[in-house]
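Here's the structure, in structure tokens; my notes come after.
Read-outs throughout are calculated quantities, based only on the coordinates presented, and are distinct from any laboratory measurement. If you're wondering where the values come from, they're calculated on a predicted model, not measured in any experiment. Cβ: placed from backbone, ideal geometry, glycine included. Neighbour counts: every protein chain shown.
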Amino acid sequence: MNDTTMKTIKPLVLALAAAFCLQAGHAFAADEKKDAPKAALTVTTAKPSTSRLPITLTANGNISAWQEASIGSESNGLRLTEVRVNVGDVVEKGELLASFSADTVNADLAQARAALMEAEANAAEASANAARARSLDASGALSAQQISQYLTAEQTAKARIASAKAALATQQLRLKYTRVVAPDSGVISARGATVGAVVGAGTELFRMIRQGRLEWRAEVTAADLSRIRPGAGAVVKAASGEELSGKVRVVAPTVDPQNRYALVYVDLPAPKGRDAAAFKAGMFASGRFNLGASEAMTLPQQAVVVRDGFNYVFRLNPDKRVSRVKVQTGRRLADSVEITGGIDAATQVVVSGAGFLNDGDLVNNVTAAPIKPAAAPGATGGAGGAAKTAKLR
């Protein structure tokens, strides 16, 4: 083989060798990539944030009338001639509700007036006789006994006038009782009056919710009773979902020895509009007491996974693998949940995708937006509306 041939073959050999080495390198890299573990999921992570959460206490109880007025008959043996109101009617103080027949009372009233006039006429004559007797006392024309009789007759006549006036006042009062009027403003809740009925004194004709006001009688355990003070705010929720705000009026001084619950009386405003249909006396309702606010360590709701009845979060380790950690939860506000134990504020936990992970999974972490701390009621940013869903677990 001559020099010319060698010069031609040598570059070809070098090119083939380079191509072989390049192909071998690609094959080695492919094998190495094939052997590398794959991430189970792409997730976002975050650290717990500090938020100010409301402190609430949930309870159940009945809605009752604030005060009920029993409106009865004060007339005896009279016939009802008119009934003006029915159940559900709103009445004002002094409004006429029903009336009785006044014929008998008017006759007795006329008789009482005549008796008074007769007593006044007899008293005038007795007073004149007594005056003459006093003028003749010094002359001796009348005996001491006769003078005493005239003076006594005068006093008796005055007493008969007083008696006749009292009888007249009694008949005037009976006439007043023929008109049954509302003792206060409110709503008629029951009616027993029937036109044409002859009722006795003391018979209940109507029952009225005074001023239309209701109250929530919440049942609270003895352990939680000391946390509630008069004036504390409360939100009562009806079966329809409507809510009504009120204030604690008084805490019962005793606890029921049978169930160990005490009643807390919450004043509710007179319901109007949709609330009037949602809140009725006798209904069962749930509610919560607002007891203030406190600082809490929170995580987004989606970061907490419930498995086998327990709450867990997935902690991101330096090797990009996750560890399942059992945590204790507390209050909830909007999409945030309080973490009371299990992790600290420096723990990096999985937020998005936590529900699809298992202990030890390899994940690919991407940057997430910062977590906005939850705000307690009264804070800016519309937290007041979100606070309506908060409850103490």
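Here are the numbers for the structure shown:
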item	result
Spin-label pair ALA69/SER99, simplified geometry with 7 Å Cα→Cβ offset, distance in nm	2.0 nm
Cα gyration tensor of the stretch 166-286 - equivalent ellipsoid semi-axes, whole Å, descending	39, 19, 14
Enclosed volume per residue, in Å³, of the convex hull spanned by Cα atoms of the stretch 97-197	121 Å³
Residue among ALA123, GLN145, ALA166 farthest towards the positive dipole end of the stretch 103-176, charges placed on Cβ	ALA166
Nearest-0.05 FRET efficiency for ARG227 and LYS47, computed from C-beta distance (R0 25 Å)	0.20
Summed residue charge, Cβ within 14 Å of SER163's Cβ, Lys/Arg positive, Asp/Glu negative	+2
Sequence ranges 333-343, 218-228, ranked by mean other-Cβ count within 10 angstrom, highest first	333-343, 218-228
Cross-link pairs beyond the 22 Å C-alpha cut-off, checked among LYS247/LYS272; LYS237/LYS326; LYS93/LYS237	LYS237/LYS326; LYS93/LYS237
The stretch 144-228 - Kirkwood radius from inverse mean 1/r over Cα pairs (Å)	19.2 Å
Highest to lowest packing among 61-72, 229-240, scored as the average C-beta count within 10 Å	61-72, 229-240
